[in-house]
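The values are calculated or read from the model by the stated rules, or taken from the named source; none is laboratory data. Note that the structure is predicted; figures quoted are calculated from it, not measured. Reconstructed Cβ throughout: ideal geometry from the backbone, glycine too, with neighbour counts over all protein chains shown. Surface areas here come from the heavy atoms of the whole protein model, side chains and all, with no ligands, DNA or RNA. Shrake-Rupley method; radii C 1.70, N 1.55, O 1.52, S 1.80 Å.
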Amino acid sequence: MKKSILLILILLTAVLVGVSGCLGGDDNTNGTDNGTNETVSEPVPTEPAENNTQSNATIITEFNGSVVTVNPLPAGFTHLATRSVIANTQGLGISDALIGYRNMLTYNDSNVYFSVYKCNGSKTADEYIQEMISSHASKYGGDSQVSTVSINGHGATLLEATVQDTPQEGRYILVWSNWSGDVYDDSYLVIANGQVNYSVLKELAEASDL
């Protein structure tokens, strides 16, 4: 009887040792094997999914007056001033008091504005673009035209008012979103508008590199 119990204990010990070897064997998934295997790791995302597209645009890493400085300016543009502005006072269809900077320029004696607003509240820049689209449609009805264009390799929204008289904010408004490169940081709303044709706004927008 004692020999049987001893034999059973020996067999159990052998089984446990074998199982332990299977569970705790060499695992080189995240390490190296005598220096011959490279460490394997998952790629770390560098930008939000919604911005995960190829683009030549420069991301906004610092938010100050220099963010709206276009240098060099395309031919025909003259810089007048750079000022801080509040979005909901500019007649662009934004309801919130976003803090921004605006570059005031002229092109052949016509006013042109290039602005960047920081969206650090409850809405993202893309949500403010939708708000601008809705406001534009409500304001101009059937004379509101909305299209998507390409600026520096990324998409932008073009709002056009096909009314007879040019609106105060301009017949064309070009708007798109930008960000800081940090997945946890705020997004930015970039707007070009004024009393000029779309081709002039596009030239300024592309020169900004944003």
**Prompt:** According to a simple spin-label model (label point 7 Å from Cα along Cα-to-Cβ), what is the distance in nm between residue 131 and residue 154?
**Reply:** 1.9 nm
**Item:** Accessible area per residue, Å², segment 105-145 with all protein chains present, probe 1.4 Å
**Value:** 50 Å²
**Item:** Contact order relative to length of segment 53-210, as percent, for alpha carbon pairs under 8 angstrom and 6 or more apart
**Value:** 27 percent
**Asked** Using bins 10 angstrom wide from zero, how does P(r) for segment 49-125 break down, in % of all Cα pairs?
**Response** 16, 42, 34, 8, 0
**Prompt:** Expressed as cubic angstrom per residue, what is the convex hull volume of the alpha carbon set of segment 108-210?
**Reply:** 101 Å³
**Message:** Let's see if you can work this out: charge +1 on each Lys and Arg Cβ, -1 on each Asp and Glu Cβ, no other charges. What is the dipole magnitude of segment 158-210 about its Cα centre, in debye to the nearest 20?
**Reply:** 240 debye
**Request:** Could you provide, to the nearest whole Å², the per residue accessible area of segment 168-210 with probe 1.4 Å?
**Result:** 37 Å²
**Message:** I want the local charge near residue 80. Using Cβ-Cβ distances under 13 Å, sum +1 for each Lys or Arg and -1 for each Asp or Glu among the other residues.
**Reply:** +1
**Complete:** Sorted on mean Cβ neighbours within 10 Å (highest first), peptides 67-80, 159-172, 183-196, 106-119 come out as 183-196, 106-119, 159-172, 67-80
**Prompt:** Which of 80, 95, 180 sits farthest toward the positive end of the charge dipole of segment 59-190, with +1 on the Cβ of Lys and Arg and -1 on the Cβ of Asp and Glu?
**Reply:** 80
**Prompt:** Where the only charges are on Cβ atoms (+1 Lys, Arg; -1 Asp, Glu), what is the dipole of segment 65-210 about its Cα centre, to the nearest 20 debye?
**Reply:** 240 debye
**Asked** What percentage of the solvent-accessible surface of segment 60-114, computed with a 1.4 Å probe over protein heavy atoms, is contributed by carbon and sulfur atoms?
**Response** 45 percent
**Request:** Per residue of segment 102-109, in order, report the coupling 6.51 cos²θ - 1.76 cosθ + 1.60 (Karplus, θ = phi - 60°) as ³J(HN,Hα) in whole Hz, putting x for Gly and Pro.
**Result:** 10, 9, 9, 9, 10, 9, 6, 6
